[in-house]
Amino acid sequence: MHLFKTRTDLQDYLARCRDNRLSIGLVPTMGALHTGHLTLITAAGAECDIVVCSIFVNPTQFNDPADLENYPRTPEADLDRLRSVSCHAVFMPDAGELYQPGETWYLDLGGLDERLEGKFRPGHFQGVTQIVHKLFTLVQPDKAWFGQKDFQQFRVVVAMATRLELSVELRMHPIVREPSGLAMSSRNARLSATGKQQALVLFRVLNLAAAQFGAGRPAAVNANALAVLAAAPGVEPEYFELCDPETLLPVAEDAKTAVALVAAWVEGVRLIDNMILR
Ligand code: AMP
């Protein structure tokens, strides 16, 4: 496995791969890797000759400086984990390697970036598209993998690729969960055992919504879920919404499919989860 810290070293390596007609898959991450990340790498390895994993805690997607500061960073453990899977190259740049001082970015996402996560984390998806666009330009992957865990992020990246006519094929990998049902997340490392127990209510309300979907009106399903979340000890809900899986607008009353999206705080840690309902 190769470790690159600079764009030029990574680009030289990838140019050689391309000369040899090898296909390139990219898995962008912010590190503190867990099994969820590793399954994306394995999925990429099943379809591409060369798998590149980027590890970069991207400052422009954090609207809260404390969140950026507290974000877990475990570079040595990450490299060990990546050595255990089909990862060929790791790109671990410093911020100065990717950003020019005073650089700005704006991409019109038709409002997709202002709903749900965007409402509670203003500017988050502009930062996400900024870094993902940089990584796509640098790596020029044939395919790139993202997790359903960040469902809205995937829709935003698809919207960017459509708007900018990017040729990369985008893949979404299902959510990997702990045996308890808790969606794996780097942020879970900041939860105590009690917090992890309390956080299980997110998965419970998603299952509740799945059972009620089609029988109750979407607004009633949302209200039930929010009431359960609000009553759960140690949990502060931000939103629970049944949405159209393509547009992420509130789902129509007679819709056959929806995605239920939830965000809540537990022990000062912001958690998100979702489930596709049919
Ligand atoms: P992050 O490091 O949190 O930015 O995540 C990097 C990529 O891994 C994103 O595309 C995430 O959606 C994905 N990911 C994170 N957690 C999970 C999970 N539990 N299951 C599947 N994919 C995940």
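The values are calculated or read from the model by the stated rules, or taken from the named source; none is laboratory data. Nothing here was measured: the structure is a model prediction, and the numbers come from that model. Cβ coordinates were reconstructed from backbone atoms using ideal geometry, including for glycine residues, and neighbour counts include every protein chain displayed. Surface areas here come from the heavy atoms of the whole protein model, side chains and all, with no ligands, DNA or RNA. Shrake-Rupley method; radii C 1.70, N 1.55, O 1.52, S 1.80 Å.
Exactly one residue out of Val235, Val251, Val228, Val262 is touching a Cys at 6+ places or on another chain (Cβ under 6 Å) and aliphatic (A, V, I, L, M), and it is Val251. Here Phe146 fulfils each of the conditions (1) farther than 25 Å from Trp265 by Cα; (2) crowded, with 20+ Cβ neighbours inside 10 Å; (3) touching a helix residue (DSSP H, G or I) at 6+ places or on another chain (Cβ under 8 Å) apart from (1).
Look through the range 55-94, keep the residues that are polar (S, T, N, Q) and not in a helix (DSSP H, G or I), and return whichever of them is most open to solvent (accessible area, probe 1.4 Å). Ranking the candidates gives Ser84 first. Which members of the range 183-195 meet the condition of being more than 8 Å from the ligand (Cβ to nearest atom), small (Gly, Ala, Ser), touching a residue at least 40 places away in the same chain (Cβ under 8 Å) and assigned to a helix (DSSP H, G or I)? Correct list: Ala189, Gly195. Assuming Ala44 fulfils every condition listed in (1) among the small types (Gly, Ala, Ser); (2) away from the ligand (no atom under 16 Å from the Cβ); (3) farther than 29 Å from Glu267 by Cβ apart from one, which condition is it? Of everything listed in (1) among the small types (Gly, Ala, Ser); (2) away from the ligand (no atom under 16 Å from the Cβ); (3) farther than 29 Å from Glu267 by Cβ, Ala44 misses just condition (2).
Could you please find all residues in the range 42-54 being polar (S, T, N, Q) and assigned to a helix (DSSP H, G or I)? Residue satisfying the conditions is Thr42 alone. The one condition from (1) open to solvent by less than 70 Å² (accessible area, probe 1.4 Å); (2) within 16 Å of the ligand (Cβ to nearest atom); (3) under 19 Å from the mean Cα position of the chain (by Cα) that Ser180 does not meet is (3). Within the range 95-110, the residues that satisfy the criterion of being open to solvent by less than 20 Å² (accessible area, probe 1.4 Å) and under 30 Å from Leu242 (Cβ atoms) are Leu107, Leu109. Just one of the listed residues (Arg190, Arg163, Arg217) is over 25 Å from Leu112 (Cβ atoms) and open to solvent by 60 Å² or more (accessible area, probe 1.4 Å), and it is Arg190.
For the range 20-77, filtered to residues that are of a type in the set (S, T, N, Q), in contact with a Gly (Cβ under 8 Å, 6 or more places away or on another chain) and at pLDDT 95 or above, the residue that is nearest to Thr6 (Cα to Cα) is Asn58.
Going residue by residue through the range 227-242, is there one that turns out to be open to solvent by 20 Å² or more (accessible area, probe 1.4 Å), in contact with a helix residue (DSSP H, G or I) (Cβ under 7 Å, 6 or more places away or on another chain) and within 16 Å of the ligand (Cβ to nearest atom)? Checked against the condition, which is being open to solvent by 20 Å² or more (accessible area, probe 1.4 Å), in contact with a helix residue (DSSP H, G or I) (Cβ under 7 Å, 6 or more places away or on another chain) and within 16 Å of the ligand (Cβ to nearest atom), the range 227-242 yields no hits at all.
Residue check: Gln153 meets all listed conditions (1) surrounded by fewer than 19 Cβ atoms within 10 Å (Cβ to Cβ); (2) closer than 30 Å to Glu267 by Cβ but one, namely (1). From the list Phe136, Phe146, Phe120, the lone residue that is within 20 Å of Tyr239 (Cα to Cα) and of a type outside the set (Val, Ile, Thr) is Phe120.
Taking each residue of the range 110-135 that is in a loop (DSSP other than H, G, I, E, B) and looking for partners that are among the aromatic types (Phe, Trp, Tyr) with beta-carbon atoms closer than 6 Å, six or more apart or interchain, yields Asp113/Phe125.
Quick test of your reading of the structure: Gln153 fulfils all but one of (1) within 21 Å of Ser86 (Cβ to Cβ); (2) within 14 Å of the ligand (Cβ to nearest atom). Name the failing condition by number. Of (1) within 21 Å of Ser86 (Cβ to Cβ); (2) within 14 Å of the ligand (Cβ to nearest atom), only one is false for Gln153: (1). With respect to the conditions (1) farther than 30 Å from Leu249 by Cβ; (2) within 14 Å of the ligand (Cβ to nearest atom); (3) in contact with a His (Cβ under 6 Å, 6 or more places away or on another chain), Arg81 lacks only one, and its number is (3). The residues of the range 9-41 that are part of a helix (DSSP H, G or I), within 7 Å of the ligand (Cβ to nearest atom) and surrounded by fewer than 21 Cβ atoms within 10 Å (Cβ to Cβ) amount to a single one, Thr39.
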